[in-house]
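Here's the structure, in structure tokens; my notes come after.
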């Protein structure tokens, strides 16, 4: 019923202007308004609190509305590791439902029922699904060996052969320490910052590679924030990319509204204290935050 209502509203808006997606540019020149839910930016970055169902529902409704009025982006998902892209592409071509895709290309770290609706949306509208994450094993290699793991072309394109900007490094370090409840051994901080940057860079590359046709990133709020995350790397692209950042944050969260272009506030999801996971200090193999709020 909700999807039908969205479609009816979008159709009515388009009918008033006789505009369909392929004619948006001509409509703008003629003075006819572009339908409001077709993004003016090539790229959307949509954050999440990983385990918050309300945030997932609101984000899905937002994305679905844009798709129903004609936008056809590639969907870059943090939940899929880049080494599984071939399996993901094959699954999308052969699978009839989201669970099949998840079984073929997903890992065990995620609460997959929260992501099934958006994967089903991609299947229904034939939107490419792209793996946006660096696996734990690759992240461990980045911690130990540096960014060369991402490949020479990526290192050059994103200037990873130069020292990280001080504000970026310190901001990421603080965020990781908070995410690890202040129990991160000092010797791990630098490597874990590199691992987090590697993830952000790969997501930025996936968005850059698909900017011409449009792409949306679905990732944790920490990855999409403008001051520390993927947007810091998008501005380094040789061709200017128009993008917009949406954070889906819980009430009372410390996230600065300046970190996002648009902030959507959702109720806090009940959860155990994530700091209880740190009964012992993390090791070099623990390259991602157990804190579900990022």
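The values are calculated or read from the model by the stated rules, or taken from the named source; none is laboratory data. Not measured: the values here are computed from a predicted model. Every residue, glycine among them, receives a Cβ derived from its backbone with ideal geometry; neighbour counts consider all protein chains shown.
For the reader, a short list of remarks on this structure follows.
- Hits in region 17-75 (condition: at pLDDT 95 or above, farther than 23 Å from residue 124 by Cβ and touching a strand residue (DSSP E or B) at 6+ places or on another chain (Cβ under 7 Å)): 47, 49, 52
- Hits in region 118-149 - residues which are surrounded by fewer than 17 Cβ atoms within 10 Å (Cβ to Cβ) and in a helix (DSSP H, G or I): 120, 124, 125, 136, 137, 144, 145, 148
- If you go through region 40-55 and keep only what is surrounded by fewer than 22 Cβ atoms within 10 Å (Cβ to Cβ) and either out of contact with any helix residue (DSSP H, G or I) (no Cβ under 7 Å at 6 or more places or on another chain) or not in a helix (DSSP H, G or I) (or both), you end up with 40, 41, 42, 51, 54.
- Criterion violated by residue 164 - all others in (1) under 18 Å from residue 198 (Cβ atoms); (2) out of contact with any helix residue (DSSP H, G or I) (no Cβ under 6 Å at 6 or more places or on another chain); (3) part of a helix (DSSP H, G or I) satisfied: (3)
- For region 90-115, a residue qualifies if it is surrounded by 15 or more Cβ atoms within 10 Å (Cβ to Cβ) and part of a helix (DSSP H, G or I), and the qualifying residues are 91, 92, 98, 99, 100, 101, 102, 104, 105, 112, 114.
- Selected residue (only one of 247, 229 is touching a strand residue (DSSP E or B) at 6+ places or on another chain (Cβ under 6 Å) and buried (at least 22 other Cβ atoms within 10 Å of the Cβ)): 247
- All positions within region 180-197 that are modelled with pLDDT of 90 or more, touching a helix residue (DSSP H, G or I) at 6+ places or on another chain (Cβ under 7 Å) and over 17 Å from residue 223 (Cβ atoms): 181, 189, 191
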